[in-house]
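Colleague: Have a look at this one.
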Amino acid sequence: ITYNTLNIKKDFIFIAIKGYTTDGHKYIKEAINKGASVIIIEELSGLKKAGLPHKDSHILYKNKEVPFLIYKETRFLLSCISANFYGHPSKKIKLIGITGTNGKTTTSYLIEQILKSNGYKVGVIGTINYRIGTSIMDAPTTTPESLDLHSLLYRMVKKNVDYVIMEVSSHSLVLNRVDHCHFDHVIFTNLTEDHFDFHKNFSNYFKAKQRLFELLIKSEKRIKCGFLNIDDKYGRKLLNNYKKIKNITLFTYGNSSGCDLQAENISISLKKIKFDFNYKNKNYSVSSGLIGRFNVHNILSAMGIGIIEKISIKNIIRSVLLFKKVPGRMEIIEGEKFYIGIDYAHTEDALKNVLKTIKELNPSNVISVFGCGGDRDKMKRPLMGEVAAEYSDYVIITSDNPRTEDPVSIIRQIEGGVKKKRLSNILRSLTGGRRYREDSPWQDRETLYSSPVKDMKIIR
């Protein structure tokens, strides 16, 4: 089975998928030339586009008669065929799915640490890489295409993996990549602005994330649990939407009172986090080498998985203490008179969390160096600029994988947010603390911005 003509061999099924950058129907001739024996298309017009005649459900090409099928949703069909072909491997393994804008990768590493420390063999599918025990593979995407995913799960079953932890992206949920996965547990971390180039708005983005809980309900696993961060308003919305569903259990975590797992007395430094938590009217203390208040949520959700899987809380706390760091997630390098923090923050909220954490430690100066990737959500660029300007003393905007876009154009979009925030600060000083109106004419703001207040320099 394949959806990519690069992989075709004799007697393969080729499934033509309409992608966002190309259309699989264009490659039907190549598929037949390479030996494909069955072609599946989305619509009959796909053959016309490819310049292929047909008769009686057969493509007529180079003295060959190749049977074809029409199925309107070929991504869904690819998922179904792949799961069947590999014998539904997700049914033979404990599968944990994590979705949300931020925190997926750190949470997956924490769960892996807890499970491995307690004697289980673990597989991980995520942004940084794919891991089967000690074997590590590159990760071309956070969540693989359905065919690749079921192939990977099949390998994990063969390697006697006990648990698979999977970061489930919003793209994968919309594009049917996980439709035929049977989850034991799923986690919702949070929802902030991201991927609007794909989802267009918050409503669509939330619906995409919500699909993971729909899949949990459909899962054939016996014990199923959904973990919700109810400090996040979308976590509370999910709780309200699914609290009456009988075949799943919802487990809440956060700082809010009434959580199943509630964090209290949080303290942070450049070395560690400490906090207390209450579970079933008993208090416990946790210490972790991770940094940042936002990591409290990641630790709580990972501990929740350990608890639901009947690992003792004492062993869970010990596992969290032993956990060191996640590559590129709030990594701290100590210099002689300074610290450098490296973080993957690629959204407004993630950048805000990182910079707020640093500000809490009262440094004399904060210098932010960041950029935004090309061919991705453009709406977040000025918002990230605003955040950087608000929480930094100096902002250096650089290029970050521009792909097909002009890197200078991306930088200027970020710069717009930096200017807006600095302008806001200037206007507060000029108007006795009153902020400028967002709907005021731009030329009025420009006039004020050019006033002789030395608040920012832009160096190109």
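The values are calculated or read from the model by the stated rules, or taken from the named source; none is laboratory data. As the structure is a prediction and not an experimental result, all values here were calculated from the model. Please note: Cβ atoms are built from the backbone with ideal geometry, for glycine as well, and neighbour counts cover all protein chains shown. With ligands, DNA and RNA removed, areas are computed over all heavy atoms of the protein, side chains included. Shrake-Rupley method; radii C 1.70, N 1.55, O 1.52, S 1.80 Å.
Colleague: Name the residue that is farthest from Val174 (Cα to Cα), counting only residues in region 6-56 that are among the hydroxyl-bearing types (Ser, Thr, Tyr) and open to solvent by 70 Å² or more (accessible area, probe 1.4 Å).
Modeller: Checked region 6-56; the qualifying residue farthest from Val174 (Cα to Cα) is Tyr27.
Each row is one residue, and each column tells you yes or no for (1) within 20 Å of the chain's Cα centre (by Cα); (2) of a type in the set (Asp, Glu); (3) surrounded by fewer than 22 Cβ atoms within 10 Å (Cβ to Cβ); (4) within 25 Å of Val296 (Cα to Cα).
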position	(1), (2), (3), (4)
Ala83	no, no, no, no
Gly87	no, no, yes, no
Ser90	no, no, no, no
Ile96	yes, no, no, yes
Thr101	yes, no, no, yes
Thr106	yes, no, no, yes
Gln113	yes, no, yes, yes
Asn118	no, no, yes, yes
Ile128	yes, no, yes, yes
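Colleague: Show the residue pairs that are 6+ apart or on different chains and have beta-carbon atoms under 7 Å apart, the first residue being within region 311-327 and assigned to a helix (DSSP H, G or I), the second being open to solvent by 50 Å² or more (accessible area, probe 1.4 Å).
Modeller: Going by the 7 Å Cβ cut-off, the qualifying pairs are Ile313/Tyr284; Ile317/Tyr284.
Colleague: Right, next: The conditions are (1) open to solvent by 20 Å² or more (accessible area, probe 1.4 Å); (2) touching a Ser or Thr at 6+ places or on another chain (Cβ under 7 Å); (3) not hydroxyl-bearing (Ser, Thr, Tyr), and Leu77 fails exactly one of them. Which is it?
Modeller: Exception for Leu77: condition (2).
Colleague: Within region 365-375, can one find any residue that is touching a Gly at 6+ places or on another chain (Cβ under 6 Å), hydrophobic (A, V, I, L, M, F, W, C) and closer than 30 Å to Glu405 by Cβ?
Modeller: The answer is no; no qualifying residue exists.
Colleague: If you don't mind, there's one more thing I want to ask. Within region 354-369, how many residues are open to solvent by less than 50 Å² (accessible area, probe 1.4 Å) and touching a residue at least 40 places away in the same chain (Cβ under 8 Å)?
Modeller: Result for region 354-369: 2.
Colleague: Tell me, please, whether a residue that is free of Cβ contacts under 8 Å to residues at least 40 places away in the same chain and assigned to a loop (DSSP other than H, G, I, E, B) can be found in region 101-112.
Modeller: no
Colleague: Of the residues that make up region 400-420, is at least one modelled with pLDDT under 50 and open to solvent by 60 Å² or more (accessible area, probe 1.4 Å)?
Modeller: no
Colleague: For region 354-364, which residues satisfy the criterion of being in a helix (DSSP H, G or I) and out of contact with any Gly (no Cβ under 6 Å at 6 or more places or on another chain)?
Modeller: Within region 354-364, Val354, Leu355, Lys356, Ile358, Lys359, Glu360 meet the criteria.
Colleague: Could you list, in sequence order, the residues of region 10-53 that are basic (Lys, Arg) and under 16 Å from Glu145 (Cβ atoms)?
Modeller: Hit for region 10-53 is Lys18, nothing else.
Colleague: Any residue in region 1-16 that's small (Gly, Ala, Ser): show its pairings with residues that are surrounded by fewer than 15 Cβ atoms within 10 Å (Cβ to Cβ) and in a loop (DSSP other than H, G, I, E, B) at Cβ separation under 9 Å, as long as the two are six or more apart or on different chains.
Modeller: none
Colleague: Look at Lys62 and say whether it is open to solvent by 90 Å² or more (accessible area, probe 1.4 Å), in contact (Cβ under 8 Å) with a residue 12 or more places away in the chain and closer than 14 Å to Lys18 by Cβ.
Modeller: No: the conditions fail for Lys62.
Colleague: Within the bounds of region 118-130, is there any residue that is within 23 Å of Cys225 (Cα to Cα), of a type in the set (S, T, N, Q), in contact (Cβ under 8 Å) with a residue 24 or more places away in the chain and part of a helix (DSSP H, G or I)?
Modeller: Checked region 118-130: no residue is within 23 Å of Cys225 (Cα to Cα), of a type in the set (S, T, N, Q), in contact (Cβ under 8 Å) with a residue 24 or more places away in the chain and part of a helix (DSSP H, G or I).
Colleague: If you don't mind, another one. Looking only at region 6-19, filter to residues that are under 30 Å from the mean Cα position of the chain (by Cα) and not in a loop (DSSP other than H, G, I, E, B); which one of those is modelled with the lowest pLDDT?
Modeller: The residue in question is Lys18.
Colleague: Hey, can you tell me all the residues within region 328-353 that are crowded, with 18+ Cβ neighbours inside 10 Å, part of a loop (DSSP other than H, G, I, E, B) and either without any contact (Cβ under 8 Å) to a residue 12 or more places away in the chain or in contact with an Asp or Glu (Cβ under 8 Å, 6 or more places away or on another chain) (or both)?
Modeller: Correct list: Met330, Asp343, His346, Thr347.
Colleague: In region 253-294, what residues are assigned to a loop (DSSP other than H, G, I, E, B) and open to solvent by less than 20 Å² (accessible area, probe 1.4 Å)?
Modeller: Scanning region 253-294 gives Cys259, Leu290, Ile291, Gly292.
Colleague: Still on this structure, I have one more. Only residues that are assigned to a helix (DSSP H, G or I), of a type in the set (A, V, I, L, M, F, W, C) and either open to solvent by 20 Å² or more (accessible area, probe 1.4 Å) or at pLDDT below 95 (or both): list them for region 131-170, please.
Modeller: Val157
Colleague: May I ask you to say which residue of Lys209, Lys237, Lys233 is open to solvent by less than 10 Å² (accessible area, probe 1.4 Å) and farther than 23 Å from Gly306 by Cβ?
Modeller: Within the list Lys209, Lys237, Lys233, the selection yields Lys209.
Colleague: Pull up region 171-207, narrow it to residues that are among the charged types (D, E, K, R), in a loop (DSSP other than H, G, I, E, B) and in contact with a helix residue (DSSP H, G or I) (Cβ under 9 Å, 6 or more places away or on another chain), then point me to the one that is modelled with the lowest pLDDT.
Modeller: By that ranking, first place goes to Asp194.
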